[in-house]
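S.K.: Okay, handing you the structure first.
The values are calculated or read from the model by the stated rules, or taken from the named source; none is laboratory data. Bear in mind that the values here come from a model prediction, so they are computed numbers and not experimental data. Don't worry about glycine lacking a Cβ; one is built from the backbone with ideal geometry, like all the others, and counts go over all protein chains shown.
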Amino acid sequence: MKATILFILSTLAVTTALAQPKAVDAFEQNKRLGRGVNIIGYDPIWRSKEQARFQEKHFRLLKEAGFHSVRINLHPFRHMEATDGWPLRDSWFEVLDWAMKHPQAQGLMIILDLHEFNAIGRDPEANKEKFLAFWRQLSARYQDAPSSVVFEILNEPSQKLTPEMWNGWLREALAIIREKNPTRTVIIGPAFWNSVDRLHELELPDTDRNLIVTVHYYKPMEFTHQGASWTNQRDKLGVDWLGTPEQLGAIKRDFDKVAAWAREHNRPIYLGEFGAYDKAPMESRARYLSSVTRAAEERGWSWGYWQFDSDFILYDVKRDAWVEPILRALIPPPAGAGNQP
């Protein structure tokens, strides 16, 4: 009888283990993310599908150009009802379902990035309930999504959301996600706008190894944000980036520092945002972007360019054409391609 009970229990244990979704390796997932781009965060598609700039064909064009992933920037707070549980409207989920269906059809990896960093940063406590409610709903709705769908807990935690607060928040959100997504890859970055200089303040649960760490890179701001109206660089124009030894050395030092942290903590790195604003000289933009992407790839990182359109544009929607110098800086043509007939 005892042997029979032990046999039944062991059989149940094996059956349960087989029924569990198989965890994927975070480093392998990071390789699959590869070369990516941020999309539709500021597209009118969230108000009206008829006004959308981003179209289904753009997923195909991204795949054909050599991209491997899209980071979908989500601003859900204005679409949540101020009732118990902060439910998201069906119309919002309809757009997101559409935005997830088509990249999957093209074999693109998907990052679902909560981009409400401004609202949360201005008043963390007033928005914490909505923040957790969002992840409760999203993780439930997409719990059966394939491993090619990755969650990013919060873009650029900053302002009044201090590093200490953020370390607590990320654990709460991660616990909610793990209830229904125990094997889902999750992306988390440090506070202070995902700065490469603040990784040492990030505290992750050691037992959760299915995490990718993200950093953002816009240094030097006087070049990357020249003429940008929302920054203190708004009156600066004509700033070149020439790829001098000093400029290249600054990227190397910053990236080597991140790489050292990654080795110490055994975490893969995703460069989730970088770019140079449209008002910067085009040749300098291309030179800078090529230097940043190659430096990231040399260290085995995946990356996501900021962004497809709106500003920092990779694709000119009005012209229905790539901004070729930017595209070629990010994804150089294969060797010898220029000599093909």
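S.K.: Within segment 235-292, how many residues are touching a helix residue (DSSP H, G or I) at 6+ places or on another chain (Cβ under 7 Å) and under 18 Å from Asn30 (Cα atoms)?
M.R.: Number satisfying all stated conditions: 10.
S.K.: For segment 282-296, which positions are touching a residue at least 24 places away in the same chain (Cβ under 8 Å) and either hydroxyl-bearing (Ser, Thr, Tyr) or surrounded by fewer than 17 Cβ atoms within 10 Å (Cβ to Cβ) (or both)?
M.R.: Listed by number, the residues that qualify are Met282, Glu283, Ser284, Tyr288, Ser290, Ser291, Thr293.
S.K.: Criterion first (surrounded by fewer than 18 Cβ atoms within 10 Å (Cβ to Cβ) and under 18 Å from Gly36 (Cβ atoms)) does Arg299 satisfy it?
M.R.: Values: surrounded by fewer than 18 Cβ atoms within 10 Å (Cβ to Cβ): yes; under 18 Å from Gly36 (Cβ atoms): yes.
Considered against the rule, which asks whether it is surrounded by fewer than 18 Cβ atoms within 10 Å (Cβ to Cβ) and under 18 Å from Gly36 (Cβ atoms), Arg299 comes out as yes.
S.K.: Now a separate question. Output the residues belonging to segment 87-123 that are within 14 Å of Asn73 (Cα to Cα), among the β-branched types (Val, Ile, Thr) and in a helix (DSSP H, G or I).
M.R.: Val95
S.K.: Only one residue in Thr224, Thr244 is free of Cβ contacts under 8 Å to residues at least 12 places away in the same chain and either among the β-branched types (Val, Ile, Thr) or touching an Asp or Glu at 6+ places or on another chain (Cβ under 8 Å) (or both), so which one is that?
M.R.: Step by step, each of Thr224, Thr244 is checked, and only Thr244 is free of Cβ contacts under 8 Å to residues at least 12 places away in the same chain and either among the β-branched types (Val, Ile, Thr) or touching an Asp or Glu at 6+ places or on another chain (Cβ under 8 Å) (or both).
S.K.: I'm trying to understand the selection: among the residues of segment 211-254, which are modelled with pLDDT under 95 and either within 29 Å of Leu170 (Cα to Cα) or in contact with a Cys (Cβ under 8 Å, 6 or more places away or on another chain) (or both)?
M.R.: Trp230, Thr231
S.K.: Another question, if that's okay. Name the single residue that is nearest to Ser290 (Cα to Cα) among those in segment 227-257 being β-branched (Val, Ile, Thr) and in a loop (DSSP other than H, G, I, E, B).
M.R.: Here the answer is Thr244.
S.K.: Looking at (1) among the hydrophobic types (A, V, I, L, M, F, W, C); (2) over 30 Å from Gln159 (Cα atoms); (3) in contact with a strand residue (DSSP E or B) (Cβ under 6 Å, 6 or more places away or on another chain), find the lone condition where Ala105 falls short.
M.R.: So Ala105 meets the others, but not (3).
S.K.: How about segment 166-221: which of its residues are among the polar types (S, T, N, Q) and over 14 Å from His265 (Cα atoms)?
M.R.: Correct list: Asn167, Asn181, Thr183, Thr185, Asn194, Ser195.
S.K.: Can you name the condition, by its number, that Thr231 falls short on among (1) surrounded by fewer than 20 Cβ atoms within 10 Å (Cβ to Cβ); (2) in contact (Cβ under 8 Å) with a residue 60 or more places away in the chain; (3) among the β-branched types (Val, Ile, Thr)?
M.R.: (2)
S.K.: Let me ask something else about it. Which is small (Gly, Ala, Ser) and touching a residue at least 40 places away in the same chain (Cβ under 8 Å), of Ala119, Ala126?
M.R.: When all the criteria are applied, what remains is Ala119.
S.K.: Out of all the residues in segment 258-298, which are part of a loop (DSSP other than H, G, I, E, B), among the charged types (D, E, K, R) and touching a Gly at 6+ places or on another chain (Cβ under 9 Å)?
M.R.: Listed by number, the residues that qualify are Asp278, Lys279.
S.K.: For segment 61-77, give me each residue that is out of contact with any Lys or Arg (no Cβ under 9 Å at 6 or more places or on another chain), under 16 Å from Ile110 (Cβ atoms) and of a type outside the set (A, V, I, L, M).
M.R.: Lys63, Arg71, Asn73
S.K.: Could you go through segment 299-322 and let me know if any residue there is part of a helix (DSSP H, G or I) and either farther than 18 Å from Ile251 by Cα or at pLDDT 95 or above (or both).
M.R.: No.
S.K.: Give segment 69-108 a look and list any residue that's in contact (Cβ under 8 Å) with a residue 40 or more places away in the chain and of a type in the set (Val, Ile, Thr), or say none.
M.R.: Val70, Ile72, Val95
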